[in-house]
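Take a look at the structure set out below.
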Amino acid sequence: MLSREQVWELARSVHAYGIEVRRHIHRYPELSFEEHETHKYLAAELQKLGHSFRSHLGGGTGLHVVIEGKQPGPVVALRADIDALPIQEETGLPFASERPGIMHACGHDVHTAVLLATAKALQSIKDDLPGTVVLIFQPGEERNPGGASLMIRDGVLDRPKVDAIFGLHVDPYLQVGRMAFAPGPVMAAPDELRVTVTGRGGHGAWPHRTVDPIVTAAQVITSLQQIVARNVDPIRPAVLTVGLIQGGTAHNVIPDEVSFVGTVRTMHEEVRRLMPERIETVIRGVCAAAGATYRMEYEHGYPVLVNDPEATEIGRRAAIAVLGEENVGAMEPSMGGEDFAYYLERVPGTFARLGVRSPDNLAPHGLHTSRLMIDESSIAVGVAYYIQVVQSFLTGDR
Ligand SMILES: [Zn+2]
Ligand SMILES: [Zn+2]
């Protein structure tokens, strides 16, 4: 077992490398499932580090690294997502994105850098590890069906069989040097709703000769809000947001059709099952009353992310060991979705938050914004946490 000082020494020794990796990946972001250059870069770096790995997984751009210790023991997995978002960067950083309209605005560049720097750090201590460390670099976290599900299909939890998995996400509101954990359901299942309401168009002056899909769609959307208010158990969170509505061409023309799309987010399986059924009942009723017809599509996204209580405690204690009790807090549940949930359906583990806010940044920009800023000293924090969680888990000193 490395002492706290030794863990930090090791984490600091790979910090410059981690920053270099992060800036490279940040400069050349790629969209979900198109991370070909990132994949090539990661493969080259892993080759240099001398780790054995499988590449071209998860639809083509994922990597699976297996680091075997000298002694037999349990298998612990760590995961990073590698994809970026369709956002035009506005940070003004010297290493800002060189790809127009694409940016690492969810911090996956940091996740990847932390994991690759951890791979470098593990190189020097792997002979002392009683067990195996699996590193998963996965594509496509930001897009259905989620790279995690494809990586699992390609055997990253089975060859070798993983006993526990740990992951983290940057948090732009949490100060650097801090982490946050919580057991149980902490992130939502993000499902998608697509609806088209069809009426009969005509002149705006003679509505009685039409079936107005605009008025009908407006009633449908308003009525849908009552599902969360009246049908869902108030202590179980649910969100129904219509984010886009389209229809019509002119102020005096009643169109034939209006369509809208929305996101439906829940934290419990029974609420998740209830939603599409209630939504369709409301749409059917309102449309019938208006004489309109409808088409509804409902697409299930990622599962609810449920942190295993025991693994969460292992992660929390590992963070306390390297950061001190005062810097490890409780993670607030959020209605965001995250495909790490797929791994947690299969093996116990925990998904934590990593603080990346500079102490002097008092008005941070959030994830998925063009001005997201990361305090890069968070990279060493992430590495120290991962080294500690690996040695805690493998040695059983939890
Ligand atoms: Zn994101
Ligand atoms: Zn993300």
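A few remarks follow.
- All of D81, D109 fail the test of being closer than 14 Å to L135 by Cβ and within 16 Å of ligand 2 (Cβ to nearest atom), apart from D81.
- Looking across the stretch 151-180, the residues that are hydrophobic (A, V, I, L, M, F, W, C), surrounded by fewer than 24 Cβ atoms within 10 Å (Cβ to Cβ) and farther than 22 Å from H39 by Cβ come down to A164, L174, V176, A180.
- Condition check for R194: without any contact (Cβ under 8 Å) to a residue 40 or more places away in the chain, of a type outside the set (G, A, S), farther than 16 Å from A289 by Cβ and surrounded by fewer than 17 Cβ atoms within 10 Å (Cβ to Cβ): no
- Among (1) of a type in the set (A, V, I, L, M, F, W, C); (2) more than 16 Å from ligand 1 (Cβ to nearest atom); (3) crowded, with 20+ Cβ neighbours inside 10 Å, the one test that A330 misses: (3)
- Matching option when the condition is more than 30 Å from F181 (Cβ to Cβ) and in contact with a Pro (Cβ under 8 Å, 6 or more places away or on another chain), among D256, D308: D256
- Qualifying positions in the stretch 338-348 - within 13 Å of ligand 1 (Cβ to nearest atom) and either surrounded by fewer than 16 Cβ atoms within 10 Å (Cβ to Cβ) or under 25 Å from V176 (Cβ atoms) (or both): E338, F340
- Close contacts from the stretch 60-82, counting a first residue that is β-branched (V, I, T) and a second that is surrounded by fewer than 18 Cβ atoms within 10 Å (Cβ to Cβ) and assigned to a loop (DSSP other than H, G, I, E, B), with Cβ to Cβ under 6 Å and a gap of 6+ residues or different chains, come to V75/P160.
- Some residue of the stretch 144-151 being among the aliphatic types (A, V, I, L, M), under 23 Å from A311 (Cα atoms) and under 15 Å from the mean Cα position of the chain (by Cα): yes
- Residue identified as in the same structural domain as L193 (by TED's automatic domain parsing) and in contact with a Phe, Trp or Tyr (Cβ under 7 Å, 6 or more places away or on another chain) among L224, L244: L244
- Taking residues in the stretch 85-104 that are free of Cβ contacts under 8 Å to residues at least 24 places away in the same chain and closer than 16 Å to E37 by Cβ, and partners anywhere that are among the β-branched types (V, I, T) and in a loop (DSSP other than H, G, I, E, B), not one pair has Cβ atoms closer than 6 Å while being at least 6 places apart or on different chains.
- Restricted to the stretch 1-103, the set of helices (runs of 4 or more DSSP H) holding at least 1 residues that are assigned by TED's automatic domain parsing to the domain that holds P139, among the polar types (S, T, N, Q) and in contact with an Asp or Glu (Cβ under 7 Å, 6 or more places away or on another chain) comprises 36-49.
- Enumerated strands (runs of 3 or more DSSP E) restricted to the stretch 159-216, each holding at least 1 residues that are more than 35 Å from the chain's Cα centre (by Cα): 189-198
The values are calculated or read from the model by the stated rules, or taken from the named source; none is laboratory data. Bear in mind the structure is a predicted one, so any value in this text is a computation, not a measurement. Cβ: placed from backbone, ideal geometry, glycine included. Neighbour counts: every protein chain shown.
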